[in-house]
Amino acid sequence: MAVRKVVTRSGRRVRGYFPSRKMGRMVAWESQLERDALYLFEFSTGVLAYREQPERVHFPMGEEVRLYIPDFELVLEPDELCHVEVKPASKLIKPDVAQRFQAIAQHYDRIGRRFQILTESNIRHDPLLGNLKLLAYHSGRLDAAALQGFVDNLLIKPARTFKDVAAVLGCDANAYRLLASGKYHCDLSRAIGPDTVIAPAQESCHATLLF
C-alpha cells in the first residue's frame, strides 16, 4: 500500500491507474512518464514485483533531516529491493533538484540500499516502448488453459517467425498474447514484424531489465 494517496483530483497533472497483470491490481501513477515506466517494470522479467510510493525515507541534507518518498519500489530478487525515482531530465538539471537527489543518492549508498533515477532517456525508447504497449494491450486476454494450448500447439508444429507462430495459433493477436505471457520472447528493441524471430523463453531471459 502506498504511504500517501497517489491519485487525487486536484491540480493540473495527469494521473491514473495502470492495470498490472504482474501485480494483479491497478497501480497508480502521477505523471505520463511514470505510466510509461510501468510498462518497463511490467515486462522486465528481472522485476519480480513492484509498488508505488512504498515508504517514507528520511535523509540528511546539510544540517537538516528531510523527507523523501520514492516513486516506486522494485523487487529484483527475493532479497534485493530498488527504490526508483522517475523524473524528467529537464528537472534534474535544476541546481536545487540536483542537490536534493545527490543527497538522497548518498543516503542510499550509506545505508547499502539500491536507488535509481529513470528519465525519459531510460524509459521512452522506441520501438521498445511501443512494443510493450502493444503487449500490454493483449496481456489480459489469455487464460492459463488457452496459454498452455498455445504452447502445446507450438510443440507439435514448431514455428520460428512471428508470421509462422501466428499461423499456428490462428491469428496475429494470439502471437502477441503468447509474447505478453513471457513464455516466448523476441527482441523487443526492434519493431515486431512478420519476420521477427520468436523462441521459448530461456533461463537467461529471467533476469532481464528493460531499463
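The values are calculated or read from the model by the stated rules, or taken from the named source; none is laboratory data. For clarity, every value in this text was computed on a predicted model and none was experimentally measured. Here Cβ is always computed from backbone atoms with ideal geometry, including for glycine, and neighbour counts include all displayed protein chains. Side chains are part of the model used for accessible areas, which takes the heavy atoms of the whole protein and leaves out ligands, DNA and RNA. Shrake-Rupley method; radii C 1.70, N 1.55, O 1.52, S 1.80 Å.
Work through the residues other than Ala105 whose Cβ is under 11 Å from its Cβ and net out their charges, Lys, Arg +1 and Asp, Glu -1. Present the calculation step by step, with values, prior to reporting the outcome.
Working: positive: Arg100, Arg110, Arg113, Arg114; negative: Glu85, Asp109.
So the surrounding residues net to +2.
Where a Cα-Cα gap under 26 Å defines reach, which lysines qualify for Lys157, not counting those fewer than 8 residues away within the same chain?
Within the straight-line cut-off, Lys157 pairs with Lys183.
Against the longest alpha carbon principal axis of the chain, how many degrees, from 0 to 90 and to the nearest 10, is the axis of helix 144-156 turned?
That helix lies at roughly 50 degrees to the long axis.
Go through (i) 37; (ii) 19; (iii) 33 and flag the label whose value is the computed percent of Cα pairs over 29 Å apart for this structure.
(iii)
Where does each of 112-118, 143-149 land if you order them by average Cβ count within 10 Å, highest first?
112-118, 143-149
Relative to the Cα centre, what is the charge dipole magnitude of segment 1-100, using +1 at the beta carbon of each Lys and Arg, -1 at the beta carbon of each Asp and Glu, and rounding to the nearest 20 debye?
In debye, rounded to 20, segment 1-100 gives about 680.
Mind listing the phi-derived Karplus ³J(HN,Hα) values for segment 37-44, rounded to whole Hz, using 6.51, -1.76 and 1.60 with θ = phi - 60°, and x for any glycine or proline?
So the J values, rounded to whole Hz, are 4, 5, 4, 5, 5, 5, 9, 7.
Quick check: net charge around Phe18, other residues with Cβ under 14 Å of its Cβ, Lys/Arg +1 and Asp/Glu -1?
+1
Which cross-chain or sequence-distant (5 or more) residues have an amide H under 5 Å from the amide H of Val86, H modelled 1.01 Å from N in plane?
Those qualifying (amide H under 5 Å, at least 5 residues apart or on another chain) are Asp71, Leu118.
Put +1 on the Cβ of each Lys and Arg and -1 on the Cβ of each Asp and Glu in the chain; which of Leu67, Phe211, Gly16 then has its Cα farthest toward the positive end of the dipole?
Gly16
Quick one: angle between helix 95-111 and the longest Cα principal axis of the chain, in degrees between 0 and 90, rounded to 10, please.
80 degrees
Could you tell me which of the pairs Lys22/Lys94; Lys22/Lys91; Lys87/Lys133; Lys133/Lys163; Lys87/Lys163 are separated by over 27 angstrom between their Cα atoms in the structure shown?
Flagged as over cut-off: Lys22/Lys94; Lys22/Lys91; Lys87/Lys163.
Could you give me the ³J(HN,Hα) list for segment 182-198, computed from phi with Karplus coefficients 6.51, -1.76, 1.60 and θ = phi - 60°, whole Hz, x at Gly and Pro?
In residue order, the calculated couplings are x, 5, 10, 9, 8, 7, 6, 7, 10, 4, 6, x, x, 9, 4, 7, 10 Hz.
Once amide H atoms are placed 1.01 Å from N in the peptide plane, what residues at a sequence separation of 5 or more from His185, or on another chain, have their amide H within under 5 Å of its amide H?
Ala199, Ala201
For the chain, which whole-number percentage of the solvent-accessible area (1.4 Å probe, protein heavy atoms only) is attributable to carbon and sulfur atoms?
52 percent
Tell me, what HN-Hα J-couplings in whole Hz come from the Karplus equation 6.51 cos²θ - 1.76 cosθ + 1.60 at θ = phi - 60° for each residue of segment 133-141, using x for Gly and Pro?
Using θ = phi - 60°, the values come out as 5, 5, 5, 4, 4, 8, 5, x, 10 Hz.
Would you pull out the residues with amide H under 5 Å of Arg66's amide H, same chain only if 5 or more places away, H placed 1.01 Å from N?
Result for Arg66 returns Phe59, Met61.
Have a look at Leu142, His185, Ala105 and report the one farthest towards the positive end of the charge dipole of the chain, computed about the Cα centre with Cβ charges (Lys/Arg +1, Asp/Glu -1).
Working it through, the farthest residue towards the positive pole turns out to be Leu142.
Explain nothing, just the number: dipole magnitude of segment 69-184 about its Cα centre with +1 on each Lys and Arg Cβ and -1 on each Asp and Glu Cβ, in debye rounded to the nearest 20. Walk me through the numbers before you get to the answer.
Values: 15 positive and 14 negative charges, 58 e Å.
Magnitude of the dipole: close to 280 debye.
Enter the accessible area per residue of the chain (Å², integer; probe 1.4 Å; all protein chains in place). Could you put the intermediate results ahead of the total?
Values: 11770 Å² over 211 residues.
Accessible area per residue: 56 Å².
How large is the charge dipole for the chain, taken about the Cα centre, if only the Cβ atoms of Lys, Arg (+1) and Asp, Glu (-1) carry charge, to the nearest 20 debye? It would help to have the intermediate numbers written out before the result.
Details: 29 positive and 25 negative charges, 149 e Å.
The calculation lands at about 720 debye.
Report, in deg cm²/dmol and to the nearest 500, the calculated mean residue ellipticity at 222 nm for the chain, where each DSSP H run with n ≥ 4 adds -39500 (n - 2.57) and the sum is divided by the residue count.
Result for the chain: -11000 deg cm²/dmol, rounded to the nearest 500.
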